[in-house]
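Shown next, in structure tokens, is the structure this report addresses.
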Amino acid sequence: MAAAHEKARCKTDGVIAGLVPAIPDRDGRDKPGHDQVGTATSFAPVTRNAVVALIDLANPTRFVALVERVLPWLVAATLMAFAFGLWGTYQAPDDYQQGATVKIMFIHVPNAWLSMFVWGMMSAAALGTLVWRHPLADVAAKCAAPLGAAFTFLALVTGSLWGRPMWGTYWVWDARLTSVLVLFIMYLAVIALWRTVDDPTRAGRAAAILTLVGAINLPIIKFSVEWWNTLHQPASVFRMGGPTIDRSLLVPLAVMAIAFTLLFVSLHLAAMRNEILRRRVRTLMLTQAERAA
Amino acid sequence: MDLGPHAGFIVGAYIMATAVVGALVVWVTADHAAQKRALTELERRGITRRSAESRPLKMKEPA
Amino acid sequence: MTALSALFVRDARIAIRIGGGAMMGVLFFLTVVTLVPFAIGPDLALLRRIGPAILWLGALLSSLLALDRLFANDHEDGSLDLILMARLPLELVVAAKALAHWVTTGLPLVVVSPILGLFLNLEPTALSATGLTLLIGTPALTFIGVIGAALATALRRGGLLLPVLVLPLTVPVLIFGVAATNAAVAGPVPFDTPFTILCALTLMSGVIGPFAAAATLRYGME
């Protein structure tokens, strides 16, 4: 029984071991230069330890421990960033055309960026699941989906509230708004897919495929304002000639973007930790049911 | 602070953002508490992971 | 807690848990409403005119989506047989299950419909009228759908039959639901006339549906 367990574990370990120079064990035998696999030791010890440390995170227990250590700092950084950002939005001058409603931009734009960025991150995680079989990739993808959906929702709602005074309508079916709405629906679809399949590994693979297919929406969103005649304004920050927004508005925008990104990272890491714990509970309950049988 | 004629929309947007962010934070925190509760309950009933019982985690070294 | 209320709570809990049944209906509703402007173009004036109809069609199709789950799960694990053998009146059992189904799948559609109405550029009168007619009309859709669900469960290959059976029966509800909404927005027909007929349809289906479904389950099981 123990031998079978050992064998099963070694099979998966073999996958990971085949990808990395070496994974240290709990005794901490990860001194630089201690070559456990015959790979090139031309890595400087620092980078090698960094790579090893990153791959080490694949171990869920260590990941949880790391999150517990790092999370308070991240939360503090997020709160500080929001404090600066909100002060910046308070200070920001009124736009000569839009007046004070430009302050909605400081929420709308970061959330719009994040909604696309999170799907991009989920696509990378999907590759991690399907191609490299990274143990935590599907956990990362599963936890990112509700957060991405929330950010997309906020982008849509704040955009709608901004559009009502500016364009006279809450909604219009132009290319940019429609493609973001489709992105929102896809987020909800991925979340629904996760909830439909019981086994996390199978669900992860299905969701990974759906995520990669849906990634085609990202360039459509980004370039929609250029390819089609839309009501939504064209790109004014990330464009070829540099930003066209005045610095007095650009700086608070950047700070709020950083704040929302830090918020996402904090929430994501915390959610990943919760998900790992949840899977542990599930495994234990399955073991208990097995033993009782 | 004078928010102009469209103050309602601006305030509404910020309230919406606070509500959504707040809901996310509450969800993550409550979920954490629930999982911890479940784990302590299982531990109390004596159901632990096999690696927590016995030897420390060890990776098999290739021959 | 009486047996019927226990059954109601059980069904409601299962519907919320498995596979996001409540969420699926809303998601499908949202998708359908999003698809329509792709098909007929983004003309906001046109969308405003046919908005109530789009919302009603979307709600109807979304209600249809989760209907087969009403009896299928119980049939698979044998609880349906137990329910049939129990001393509870089968009609009341069906009514309780249908009510639980409406609360978890139909009611979310009603709640979401004003937001989707905003996508279709509906004015506030239309938004509230659509919400109200959907609130009264979706139970009718569920009770009529129960008949089809029972038939689909009783007949082994009945699954594909369900929409074909249910949709023609729901046509009156659809007609009067949209008519009431349009009456509230434009007139000249007063809102009351189609609305009271809609209420009557719901009440009738609340009786006929469970009776027909119970009869099907009792005598029609293969």
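The values are calculated or read from the model by the stated rules, or taken from the named source; none is laboratory data. The structure presented is a predicted model; accordingly, all values stated were derived computationally and were not measured. Reconstructed Cβ throughout: ideal geometry from the backbone, glycine too, with neighbour counts over all protein chains shown.
Looking at C:Thr216, C:Thr193, C:Thr153, just one residue is farther than 28 Å from C:Leu70 by Cα and more than 15 Å from the chain's Cα centre (by Cα), and that residue is C:Thr193. Just a yes or no: is a residue in the range C:132-143 modelled with pLDDT under 90, among the aliphatic types (A, V, I, L, M) and in contact with a helix residue (DSSP H, G or I) (Cβ under 7 Å, 6 or more places away or on another chain)? There is no residue in the range C:132-143 that is modelled with pLDDT under 90, among the aliphatic types (A, V, I, L, M) and in contact with a helix residue (DSSP H, G or I) (Cβ under 7 Å, 6 or more places away or on another chain).
Per-residue answers, yes or no, for (1) small (Gly, Ala, Ser); (2) crowded, with 19+ Cβ neighbours inside 10 Å; (3) within 14 Å of another protein chain (Cβ to nearest Cβ); (4) part of a helix (DSSP H, G or I):
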site: C:Ser5; (1), (2), (3), (4): yes, no, no, yes
site: C:Arg13; (1), (2), (3), (4): no, no, no, yes
site: C:Ile16; (1), (2), (3), (4): no, no, yes, yes
site: C:Ala39; (1), (2), (3), (4): yes, no, yes, yes
site: C:Leu46; (1), (2), (3), (4): no, no, yes, yes
site: C:Ala59; (1), (2), (3), (4): yes, yes, no, yes
site: C:Ser62; (1), (2), (3), (4): yes, yes, yes, yes
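Pairing residues of the range C:112-132 that are of a type in the set (A, V, I, L, M) with residues that are surrounded by fewer than 18 Cβ atoms within 10 Å (Cβ to Cβ), at Cβ distances under 8 Å and at least 6 apart in sequence or on separate chains, gives C:Leu118/A:Tyr170; C:Leu120/C:Arg48; C:Leu122/C:Arg48; C:Ala126/C:Arg48; C:Leu127/C:Pro114; C:Leu127/C:Leu118.
Tell me yes or no: at least one residue of the range A:174-197 is under 24 Å from C:Leu122 (Cβ atoms) and not in a helix (DSSP H, G or I).
There is at least one residue in the range A:174-197 that is under 24 Å from C:Leu122 (Cβ atoms) and not in a helix (DSSP H, G or I).
Matching residues to (1) closer than 28 Å to A:Leu269 by Cα; (2) in contact with a His (Cβ under 6 Å, 6 or more places away or on another chain); (3) within 11 Å of chain C (Cβ to nearest Cβ); (4) among the β-branched types (Val, Ile, Thr):
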{"site": "A:Pro146", "(1), (2), (3), (4)": "yes, no, no, no"}
{"site": "A:Ala150", "(1), (2), (3), (4)": "yes, no, no, no"}
{"site": "A:Met166", "(1), (2), (3), (4)": "no, no, no, no"}
{"site": "A:Thr169", "(1), (2), (3), (4)": "no, no, yes, yes"}
{"site": "A:Val172", "(1), (2), (3), (4)": "no, no, yes, yes"}
{"site": "A:Phe184", "(1), (2), (3), (4)": "yes, no, yes, no"}
{"site": "A:Leu188", "(1), (2), (3), (4)": "yes, no, yes, no"}
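Taking the numbered list (1) buried (at least 19 other Cβ atoms within 10 Å of the Cβ); (2) away from chain C (no Cβ under 14 Å) in turn, A:Arg176 passes all entries but (2). For the range B:22-41, the count of residues that are more than 7 Å from chain A (Cβ to nearest Cβ), on the phi > 0 side of the Ramachandran plot and modelled with pLDDT under 95 is zero.
Considering only the range A:126-144, I want to know if a residue exists there that is assigned to a loop (DSSP other than H, G, I, E, B), aliphatic (A, V, I, L, M), within 22 Å of the chain's Cα centre (by Cα) and under 18 Å from C:Met24 (Cβ atoms). No, that holds for no residue. Taken over the range A:237-288, residues that are at pLDDT 90 or above and not in a helix (DSSP H, G or I) amount to 0.
When restricted to residues that are surrounded by 12 or more Cβ atoms within 10 Å (Cβ to Cβ) and more than 12 Å from chain B (Cβ to nearest Cβ), the range A:88-101 contains 1.
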